[in-house]
1. Listed residues 192, 176; which is surrounded by 24 or more Cβ atoms within 10 Å (Cβ to Cβ) and either in contact (Cβ under 8 Å) with a residue 60 or more places away in the chain or polar (S, T, N, Q) (or both)?
2. Restricting attention to the stretch 145-201, which residues are β-branched (Val, Ile, Thr) and under 18 Å from the mean Cα position of the chain (by Cα)?
3. Of the conditions (1) in a helix (DSSP H, G or I); (2) more than 10 Å from ligand 1 (Cβ to nearest atom); (3) surrounded by 15 or more Cβ atoms within 10 Å (Cβ to Cβ), residue 397 clears all except one; give me its number.
4. Which residues, counting only those in the stretch 358-394, are in a helix (DSSP H, G or I), within 25 Å of residue 179 (Cβ to Cβ) and either more than 10 Å from ligand 2 (Cβ to nearest atom) or among the polar types (S, T, N, Q) (or both)?
5. Looking only at the stretch 305-331, how many residues end up being among the hydroxyl-bearing types (Ser, Thr, Tyr) and in contact with a Ser or Thr (Cβ under 9 Å, 6 or more places away or on another chain)?
6. Checking residue 443 against (1) within 16 Å of ligand 1 (Cβ to nearest atom); (2) modelled with pLDDT of 95 or more: exactly one of these is not met. Which one?
7. Restricting to the stretch 1-49, name every residue that is in a loop (DSSP other than H, G, I, E, B) and either aromatic (Phe, Trp, Tyr) or in contact with a Lys or Arg (Cβ under 6 Å, 6 or more places away or on another chain) (or both).
8. For the stretch 286-318, name all the residues that are surrounded by fewer than 23 Cβ atoms within 10 Å (Cβ to Cβ) and in a helix (DSSP H, G or I).
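The values are calculated or read from the model by the stated rules, or taken from the named source; none is laboratory data. Computed from a predicted structure; not experimentally measured. All Cβ positions, even for glycine, are placed from backbone atoms using ideal geometry, and neighbour counts span all protein chains on display.
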Amino acid sequence: MVKTRTFPKGGIHPHGRKTLSNTAAVERLPFPKTAVVPMSQHLGAPAAVCVAKGDSVEVGQKIGTGESFISADIHAPVSGTVKDIITIVLPNSVRTQAVVIETEETFDESILENTFRRELNEGDLVAKLSSQDLIGIVKKAGVVGMGGAAFPSHVKFQVPKGKKAEYLVINGVECEPYLTSDHRLMLEHADEIIDGIRAVQKMINAPQVIIGIEKNKMDAVEKMEKAVAARGLTYIVQPLKVKYPQGDEKQLLKAVIKREVPSGGLPIEIGAVVSNVGSIFAVYEAVFSGKPLIDRVVTVTGDAVRRPGNFRTAVGTPIRQLIEAAGGFKESPAKIVAGGPMMGFSFFDLDSPVTKGTSGILALTDKNLDHSPQTACIFCGKCVAVCPMGLQPTKLFRLIDNGNFDEAMKLNLMDCKECGCCAYTCPAKIPLVHGFKYGKKMARKKS
Ligand code: SF4
Ligand code: SF4
């Protein structure tokens with residue numbers, strides 16, 4: 001077994017609460033009667049709608065074209081009829097166009113599986129196809145990062161001229177409390193993830209692969225090690241100490257290859273490409289069965305939910321349907337979050353659709369919320385001690401509070417990952433992350 005590692009500076013240890021949802025295999029959710037498919041499910045420019053009201057669409061058909069360099073195509077998650085094209089607001093406050101598809105009554109899982117069936121006689125597609133062919137498949141499938149920012153994968157896997165990828169680092173950390181969808185994927189699809197990794201390794205031509213997994217998922221470490229060994233590969237499965245926010249790519253790289261991404265830079269500048277296990281599984285499906293990214297595993301959890309679990313869900317499914325699949329609410333939730341408790345977005349509209357980036361839905365009762373009042377800063381320095389980016393949260397907040405955005409920028413405000421470690425630790429309950437989000441917005445407006 002390889003020695004356990006972690007990132008050196010800052011970080012916190014919130015209660016994981018992962019056993020709540022990680023009790024059974026992933027369950028496939030019935031397809032929604034009506035799918036509402038947003039055109040902005042990724043970082044960068046929204047896709048442009050390429051169907052019209054009244055059109056019939058087949059599952060997997062492109063319904064939105066990513067026209068800009070940083071964008072991604074969007075596909076129909078079901079077969080049916082385009083009923084409308086509307087504007088909606090997602091839980092992360094993004095306003096976007098969405099294609100409303102009424103699902104064909106006869107559409108079911110067997111149609112999905114027959115449409116995207118693995119062609120066993122095609123041999124080893126990774127060996128057969130060129131790296132550019134593979135990147136083209138990923139682009140055509142609309143694959144994006146599924147662990148956080150939803151950055152278009154075909155852009156990430158295109159190593160810029162003059163740069164070299166020495167390492168492909170696979171992010172199996174899932175450090176956000178409550179979330180377990182990546183854990184389930186590794187337990188249930190280790191072989192497919194290995195094939196996805198082989199494809200990405202070829203795309204970026206990286207000689208070394210490291211799969212980082214926190215020690216609270218030792219069963220996944222073992223599964224991945226077995227899958228690696230069964231193929232005779234030299235990939236390293238790296239167990240990591242449990243520490244938040246290790247799933248952030250900068251912290252993960254410090255932990256596994258001991259290199260630091262420069263301020264404002266990208267991992268490729270230190271010879272690395274990082275990809276989350278969910279995205280790697282989507283690459284596998286795109287390469288080996290031609291399936292675009294039209295569904296994903298979502299954790300539905302929290303003390304307000306009757307039967308927490310993980311559900312494989314079509315993009316565009318109303319979140320209400322996921323809550324119902326999880327047995328509904330056993331108590332009225334005081335807060336519902338899209339994502340995890342540290343970096344997720346609070347929302348209340350249960351008709352909001354699942355997107356490519358929806359890793360979890362967390363519903364909490366009042367018992368789990370901290371209502372302590374905000375007080376004045378006592379200059380305890382705890383926020384500084386836990387900041388993994390080496391920032392001075394207390395000073396940054398004061399500068400932003402006084403409208404001094406230029407000075408905040410000089411103290412590297414833009415390096416803030418909005419991980420929430422500082423706010424979590426602050427005894428004065430100062431809304432530090434809200435302040436940093438506001439400060440960044442204002443600084444961008446001024447520039
Ligand atoms: S939210 Fe920003 S300032 Fe606070 S700990 Fe995280 S990176 Fe540091
Ligand atoms: S943790 Fe809170 S109270 Fe302590 S220095 Fe930072 S902002 Fe002030």
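1. On the way: 192 fails: surrounded by 24 or more Cβ atoms within 10 Å (Cβ to Cβ).
Going through 192, 176 in turn, just one is surrounded by 24 or more Cβ atoms within 10 Å (Cβ to Cβ) and either in contact (Cβ under 8 Å) with a residue 60 or more places away in the chain or polar (S, T, N, Q) (or both): 176.
2. Pass one, the stretch 145-201, residues β-branched (Val, Ile, Thr): 155, 159, 169-170, 173, 180, 193-194, 197, 200.
Answer for the stretch 145-201, where residues must be β-branched (Val, Ile, Thr) and under 18 Å from the mean Cα position of the chain (by Cα): 155, 169, 170, 173, 180, 193, 197, 200.
3. Result: residue 397 fails condition (2) only.
4. The answer is 366, 367, 368.
5. So in the stretch 305-331, the residues among the hydroxyl-bearing types (Ser, Thr, Tyr) come out as 313, 317.
With in contact with a Ser or Thr (Cβ under 9 Å, 6 or more places away or on another chain) added as a condition, the list becomes 313.
Looking only at that region, the number is 1.
6. Among (1) within 16 Å of ligand 1 (Cβ to nearest atom); (2) modelled with pLDDT of 95 or more, the lone unmet condition for residue 443 is (2).
7. The first filter runs over the stretch 1-49 and keeps only residues in a loop (DSSP other than H, G, I, E, B), leaving 1-4, 6-11, 13-26, 29-33, 39-47.
Those that are in a loop (DSSP other than H, G, I, E, B) and either aromatic (Phe, Trp, Tyr) or in contact with a Lys or Arg (Cβ under 6 Å, 6 or more places away or on another chain) (or both): 4, 6, 7, 11, 26, 31, 41.
8. Hits for the stretch 286-318 are 288, 289.
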